[in-house]
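In what follows, a structure is listed as structure tokens, so that the remarks can point back to it.
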Amino acid sequence: MPRFLHVADVHLGFDRYDSKERTLDFFKAFQDVLRKYAIAEQVDFVIIAGDLFEHRALQPNILNHAKLCLQEVQEAGIPVIAIEGNHDNRPYGIKTSWLRYLAEWYNLILLEPDASPTGELVFEPWNWEEKRGGYIDLDCGVRVLGSQWYGASAPTAIAQLANGIQQLPSHDGQTIMLFHHGLEGQIARYQGALRYNDLLPLKDAGIDYLALGHIHKNYEEQGWVFNPGSIEANSVEEGTFKRGAYLVEIDRNGICAELKQDYYQRSIVRLKLTTRGDESVETVEESAIAQIQHAIQSQKLKPEAQPIVELKITGQVGFDRLELDTRKLQHDLKQISNALIFLLKYDVDSTEYATPLTDDADRFQIEQEVFTDLVAAHNTYKKNAPALAKGLMDLKDLQFEGRSEADLYDFVQILLSQPAKPSSTIES
């Protein structure tokens, strides 16, 4: 009974949050998956369905991460088979890539269909001397075929791939194909996804297990299409995705694919604070701190694990939204949570007031209501809005009279200290 491990979207070299520790997480996750579910389970082979790397251009340490993982598996006598994804594929016109380097020097089996002189896709058998080929027949009785990243031309490529499969020598065992593309309906805002019917030519051509990558969320279709999701979350949003690696066994009853998720992953905690509009700056800060402390007490957030934490503050605030020092608050919350990465998303609107006016309102009434609404929008001055609004009107008149800046300053000082009687503090 052949057994294999299916992984995809490893993204070694991930550097979105500019954290060396976070970059190292992707190596640790990949290494742990291979140790637990390839080496310890003694599978017959491992397949990587695209995006082994995050970038086409690699730092030396990222290449070393890939080599270390490959060597561990190969020393256990387990071949590793891969295809290129959109992150690590070679640009048009370039003949080599880091995956090609790993194939030529570290025995990675990189499967790539060739183009015939007439432009059709053809599958040549894997050649161990040349380190090239489009398919390989393994000793366990399984045939594995490769593909490339086809982007928007995927539907056309599928038809050509299916035709190429039908030209291959007959094979008695199960046939697996690696294909880096996503199906529609799995995640939002994904352009260019394939429909399930687009894949059917591959099934008709004899594919028993279509090993997908590209979408970082786990899903299956009709018992022959399998996407494990990414090894690690590439964003806080992906922290809620079900994802992992498939440990697959093929027997006389068909295919049994079990998603494995028990391996090294950094925890991601997402919290939300909704403001009502009557809080002060200090109250919002205190509420944010309380959110983190409650998450710690409830064990949702474990500081010892150095998680990635996101706190999203939404709603309305009764002050100028820029008065909240988000940089300092983010620093304080990061310290309390002991987060490796703390993301503070501050998406609030300042409370607005609009007192209705009659059609026959005069200029004095309009000015008074405008000033009252502006003052009432700030929690600090809301209770004394009418008196302060009258004081601001007096301040405007004093400025028109040409009073000095010193006089205006003194007026404002007295106005703020005695808001109930703002108009009697300066003699005309």
Quick check, is Ile109 crowded, with 16+ Cβ neighbours inside 10 Å, out of contact with any Ser or Thr (no Cβ under 8 Å at 6 or more places or on another chain) and more than 30 Å from Pro60 (Cα to Cα)? no
So, first residue in the same structural domain as Tyr17 (by TED's automatic domain parsing) and without any contact (Cβ under 8 Å) to a residue 40 or more places away in the chain in the range 48-77, second residue crowded, with 19+ Cβ neighbours inside 10 Å and outside any helix (DSSP H, G or I), Cβ within less than 8 Å, six or more apart or across chains; the pairs are Leu70/Val80; Leu70/Leu108; Val73/Val46; Val73/Val80; Gln74/Val80
Check Glu221, Glu279, Glu286, Glu237 and return the single one that is more than 30 Å from Leu34 (Cα to Cα), charged (D, E, K, R) and without any contact (Cβ under 8 Å) to a residue 40 or more places away in the chain. Glu286
Residues that are under 22 Å from the mean Cα position of the chain (by Cα), of a type in the set (A, V, I, L, M) and not assigned by TED's automatic domain parsing to the domain that holds Glu232: does the range 281-289 have at least one? no
Of the conditions (1) surrounded by fewer than 13 Cβ atoms within 10 Å (Cβ to Cβ); (2) in a strand (DSSP E or B), Glu310 fails just one. Which one is it? (1)
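Condition check ((1) assigned to a strand (DSSP E or B); (2) farther than 22 Å from Val348 by Cα) across all residues:
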| site | (1), (2) |
| --- | --- |
| Gly206 | no, yes |
| Leu210 | yes, yes |
| Gly223 | no, yes |
| Arg243 | no, yes |
| Val248 | yes, yes |
| Val269 | yes, no |
| Ile296 | no, yes |
| Lys300 | no, yes |
| Thr314 | yes, no |
Matching option when the condition is in contact with a Pro (Cβ under 7 Å, 6 or more places away or on another chain) and modelled with pLDDT of 95 or more, among Asp198, Asp208, Asp204: Asp198
Checking Val43 against (1) of a type outside the set (Asp, Glu); (2) more than 26 Å from Tyr150 (Cα to Cα); (3) in contact (Cβ under 8 Å) with a residue 40 or more places away in the chain; (4) in a helix (DSSP H, G or I), which test does it fail? (4)
Identify, please: which residue in the range 1-30 is without any contact (Cβ under 8 Å) to a residue 60 or more places away in the chain and not aromatic (Phe, Trp, Tyr) and is, among those, surrounded by the most Cβ atoms within 10 Å (Cβ to Cβ)? Leu12
Can you find a residue that is surrounded by 23 or more Cβ atoms within 10 Å (Cβ to Cβ) and of a type in the set (A, V, I, L, M, F, W, C) anywhere in the range 55-67? yes
Meets criteria (touching a helix residue (DSSP H, G or I) at 6+ places or on another chain (Cβ under 6 Å), of a type in the set (A, V, I, L, M, F, W, C) and either under 22 Å from Ile308 (Cα atoms) or not assigned by TED's automatic domain parsing to the domain that holds Gly141 (or both)) for Ile268: yes
Select from the range 256-267 the residues that are within 30 Å of Asp208 (Cα to Cα) and in a loop (DSSP other than H, G, I, E, B) and list them in ascending order. Gln261, Asp262, Tyr263
Yes or no: Leu374 among the hydrophobic types (A, V, I, L, M, F, W, C) and either in contact with a Ser or Thr (Cβ under 9 Å, 6 or more places away or on another chain) or modelled with pLDDT of 70 or more (or both)? no
Hand me the list of strands (runs of 3 or more DSSP E) wholly inside the range 57-150 holding 2 or more residues that are more than 28 Å from the chain's Cα centre (by Cα) and among the hydrophobic types (A, V, I, L, M, F, W, C). 143-145
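The values are calculated or read from the model by the stated rules, or taken from the named source; none is laboratory data. Since the model is a prediction, treat every value here as computed from it, not as a measurement. As a convention, Cβ positions derive from the backbone with ideal geometry for all residues, glycine included, and neighbour counts pool all protein chains shown.
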